[in-house]
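All remarks here apply to the structure that follows.
The values are calculated or read from the model by the stated rules, or taken from the named source; none is laboratory data. Being a predicted model, the structure only gives us computed values, none of them experimental. FYI the Cβ positions are ideal-geometry reconstructions off the backbone, even for glycines, and counts take in every protein chain you see. Surface accessibility is based on the protein's heavy atoms, side chains included, excluding ligands, DNA and RNA. Shrake-Rupley method; radii C 1.70, N 1.55, O 1.52, S 1.80 Å.
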Amino acid sequence: MGRVNTDTGKPNSSVTSSMTSSTSVTETVNGEHDFKISGYSLSKGIGIGKYIASDTFNVGGYSWAIYFYPDGKSLEDNAGYVSLFIALASDGSDVRALFELTLIDQSGKERHKVHSHFGRALESGPYTLKYRGSMWGYKRFFKRSALETSDYLKDDCLQVHCCVGVVKSHTEGPKSYSIRVPPSDIGLHFGQLLECGKGTDVSFDVNGETFAAHKLVLAARSPVFRAQLFGPMKDQNIRCIKVEDIEAPVFKALLHFIYWDKLPDMEELTGLGTKWASTLMSQHLLAAADQYGLERLLTLCESNLCEDVAINTVATTLALAEQHHCLQLKSRCLKFVAMPENLRGK
């Protein structure tokens, strides 16, 4: 009896497939050029089809120039119009681009005369220049009699602004690699340096509590420490600096920020688990940040205090905001005080 083999049509479970993708990106490479035409009245009469050219300028890998025809570009327009064009001034074929020509209003009223491809839908797409010398523009750009009595002409001078956007396309395929770059950990390394105490070369006496630190780290982070430790008035033999106007926990938090570049846990630092204690620390730390020129720390404290405005702290916070020029914090406090429920007597 023979065996019959039947093909069920099911795919083999060992077959693998892959999916790839790519993206076509079309965008413009933009560039601008200003062209000043002085002595306009002397340019009249040079002849139909003759132009005054700007210097060439480069956009999207091509050279371009602005051509101004005082007597018009073609015979039929000589009766009363000036012509203005943008020309491809380098070798190229089928160069696709967007253009904008602006005749500047020199009265200050900013009523410029603008012809532009930018910012609007184009039914036939960007303009294509077939070869070197191809142009885009207007044979009847402006009626000559109107131009000569307008605010566009001042001191016998015209000003033209031009924008060219060369269309470029490329295809982006999938990356053949995947490398995860870890976030910066420089703060961790400096923080560990503070905690281990190795290499410290200066200490601070704050109300009987001593804090060891590194002169170079302090100087790099704070302009005040830099002047104190390395400025012309520094004490060559200084090893311990007495700090009298900051409480020890606040100075500890200051050093923590200098090394770690972030705020410490306020509740852990104060040993109190209340919002009021954290707000009080932020108030003192804001003042210390301003004193030592630590702008980022000042901003962090200002942000925290904006979130923690309360009836029992707003007066002190407002005074600090005024003293240390924290405008957003000041505004937040004033708005809080002006709220009807906070104006009622207690």
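Looking at segment 20-52 only, could you name the residues that are under 28 Å from the mean Cα position of the chain (by Cα) and buried (at least 16 other Cβ atoms within 10 Å of the Cβ)?
The answer is T28, G31, H33.
Output the number of the condition that P126 fails; it satisfies all remaining conditions of (1) more than 35 Å from the chain's Cα centre (by Cα); (2) open to solvent by less than 50 Å² (accessible area, probe 1.4 Å).
The number of the failed condition is (1).
For segment 129-167, which positions are open to solvent by 30 Å² or more (accessible area, probe 1.4 Å) and either in contact with a Pro (Cβ under 9 Å, 6 or more places away or on another chain) or assigned to a loop (DSSP other than H, G, I, E, B) (or both)?
K130, Y131, R132, G133, R144, E148, T149, D151, Y152, L153, D155, D156
Only one of these is touching a residue at least 24 places away in the same chain (Cβ under 8 Å) and either of a type in the set (A, V, I, L, M, F, W, C) or assigned by the TED database to the domain that holds T200 (or both): G271, G293. Name it.
Checking each option against the conditions leaves just G293.
Does V224 qualify as being within 17 Å of Q291 (Cα to Cα) and either basic (K, R) or in contact with a helix residue (DSSP H, G or I) (Cβ under 6 Å, 6 or more places away or on another chain) (or both)?
Spelling it out, it is not the case that V224 is within 17 Å of Q291 (Cα to Cα) and either basic (K, R) or in contact with a helix residue (DSSP H, G or I) (Cβ under 6 Å, 6 or more places away or on another chain) (or both).
Please pick out the residue among D71, D55 that is part of a loop (DSSP other than H, G, I, E, B), surrounded by fewer than 18 Cβ atoms within 10 Å (Cβ to Cβ) and not β-branched (V, I, T).
Residue meeting the stated conditions: D55.
So L263 passes all but one of these: (1) under 19 Å from Q283 (Cα atoms); (2) crowded, with 19+ Cβ neighbours inside 10 Å; (3) under 34 Å from the mean Cα position of the chain (by Cα). Which condition number does it fail?
Unmet for L263, out of (1) under 19 Å from Q283 (Cα atoms); (2) crowded, with 19+ Cβ neighbours inside 10 Å; (3) under 34 Å from the mean Cα position of the chain (by Cα): (2).
Filter segment 262-291 for residues that are in contact with a Leu (Cβ under 7 Å, 6 or more places away or on another chain) and assigned to a loop (DSSP other than H, G, I, E, B) and give the result.
Answer for segment 262-291, where residues must be in contact with a Leu (Cβ under 7 Å, 6 or more places away or on another chain) and assigned to a loop (DSSP other than H, G, I, E, B): just L263.
Here is a list: R132, R140, R180, R111. Which entry is at pLDDT below 95, within 19 Å of S83 (Cβ to Cβ) and charged (D, E, K, R)?
R140
Could you please give the count of residues in segment 100-126 that are touching a Lys or Arg at 6+ places or on another chain (Cβ under 9 Å) and over 17 Å from E27 (Cβ atoms)?
7
Limited to segment 74-106, what total is found for residues that are touching a residue at least 12 places away in the same chain (Cβ under 8 Å), surrounded by fewer than 17 Cβ atoms within 10 Å (Cβ to Cβ) and among the hydrophobic types (A, V, I, L, M, F, W, C)?
Here the count works out to 1.
Select from segment 191-247 the residues that are assigned to a strand (DSSP E or B) and open to solvent by 50 Å² or more (accessible area, probe 1.4 Å) and list them in ascending order.
Those that are assigned to a strand (DSSP E or B) and open to solvent by 50 Å² or more (accessible area, probe 1.4 Å): E209, T210, C240, K242.
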